[in-house]
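Working notes, structure below.
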Amino acid sequence: MKNPGLLGRALVLVLLLAFILSPNSFAPLFRPLTENNAPPIYNHGSLLSLTLSHLTIVFVATCASTLLAVGLGILVTRPSGMEFLPLSRSLVNVGQTFPPVAVLAIAVPLVGFGEIPTFIALFLYGLLPIFENTLTGLAQVPALTREAARGMGMSPRHRLIQVELPLALPVILAGIRISTIINLGTATLGSTVAAKGLGEVIIAGLQSNNQAFVLQGGIIVAMLAVLIDGLLIGVERFTSSRLGGQSASRALR
C-alpha cells in the first residue's frame, strides 16, 4: 500500500457522502443510543443542507481572515510598518483568546441572530494562526536571497511578489489550514444564535437527550476536518515542491 493516508481519507469521504445523502441507512447503528423510541437519525432538517451551510460560513470567514492576516503580516514586515508589529500582534491575540461564545453574545445585540455573528466570531478566531505563519514564512526567506533580488535591481514590490511571498507561501498555507480546522469545530457554536450549521444537530441532541443526534453532528464535523486537513496538506506539499522554489528560482535567474 503506497499511500495509506490517501486511502483512509478516500474511505472517510465515501462514508461521509453515504451518511449525509442517505442517513436513514445508518439508523440501525445509532438506534442503541436512543431511548423511549426517539428517532435514531436527525430528522429536523437535511444533513446535506446543514453540512453545506456549515462549510460555507467556515469558508467565507477563513477567506476574510486570510485577507486581513496576510495583509497585516506583510505590512508589519516592511520597514514602514514594523512599528505596528506589537499592536497588530496584540489585536490578533485578543481575537484568538476572546471566547467565541462571548463574541456571539456581544455581536447578537449589534447585528442580530443568524450567520453574521457567527462569521464575526470565526473571523476573529481565525486570524492568529494565519498572521503568525505569515510572519514566520516571510522571516524565513534567506537573507542571501533577499540580497540577490535587491542586487538584480528588483523593486520592493517585485521582491515581495516574486521572491518573498512564493517562498513563504507553504508556511502561510499551513496557517490557513490550522485556522480552517479550528473554525470547523468552532462553527458549531453558531447554532446557538440561529446560524445554520451542524451545531443544530448537536444542540437538538442535547435538548432532547438524544445521544445519537449529538454523535451524528460530531462525526460529520470530524470527518470534514480529516478531509479538509488532508486536502490542504496536499496543497501545501504541492505548493512547496512546485510553486515556492520554482518561482523564486525564476525570479533570481
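The values are calculated or read from the model by the stated rules, or taken from the named source; none is laboratory data. Just so it is clear, the model here is predicted, and its values are computed rather than measured. Neighbour counts are summed over all protein chains in view; Cβ atoms, including those assigned to glycine, are modelled from backbone coordinates with ideal geometry. Calculation scope for accessible area: heavy atoms of the full protein, side chains included, ligands and nucleic acids excluded. Shrake-Rupley method; radii C 1.70, N 1.55, O 1.52, S 1.80 Å.
For (1) in a helix (DSSP H, G or I); (2) open to solvent by 80 Å² or more (accessible area, probe 1.4 Å); (3) at pLDDT below 90, each residue gets a yes or a no:
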{"residue": "5", "(1), (2), (3)": "yes, no, yes"}
{"residue": "28", "(1), (2), (3)": "yes, yes, no"}
{"residue": "42", "(1), (2), (3)": "no, no, no"}
{"residue": "52", "(1), (2), (3)": "yes, yes, no"}
{"residue": "55", "(1), (2), (3)": "yes, no, no"}
{"residue": "60", "(1), (2), (3)": "yes, no, no"}
Out of all the residues in segment 199-213, is one or more acidic (Asp, Glu), assigned to a helix (DSSP H, G or I), at pLDDT 90 or above and crowded, with 19+ Cβ neighbours inside 10 Å?
yes
Segment 114-145, subset free of Cβ contacts under 8 Å to residues at least 60 places away in the same chain and assigned to a loop (DSSP other than H, G, I, E, B), residue most open to solvent (accessible area, probe 1.4 Å):
140
Of these, 160, 173, which one is touching a residue at least 60 places away in the same chain (Cβ under 8 Å) and buried (at least 21 other Cβ atoms within 10 Å of the Cβ)?
173
Within segment 147-157, track down each residue that is open to solvent by 60 Å² or more (accessible area, probe 1.4 Å) and either in a helix (DSSP H, G or I) or under 12 Å from residue 172 (Cα atoms) (or both).
147, 150, 151, 156, 157
Suppose we keep only residues that are hydrophobic (A, V, I, L, M, F, W, C) and closer than 16 Å to residue 191 by Cβ within segment 83-113. Which one would you say is surrounded by the most Cβ atoms within 10 Å (Cβ to Cβ)?
103
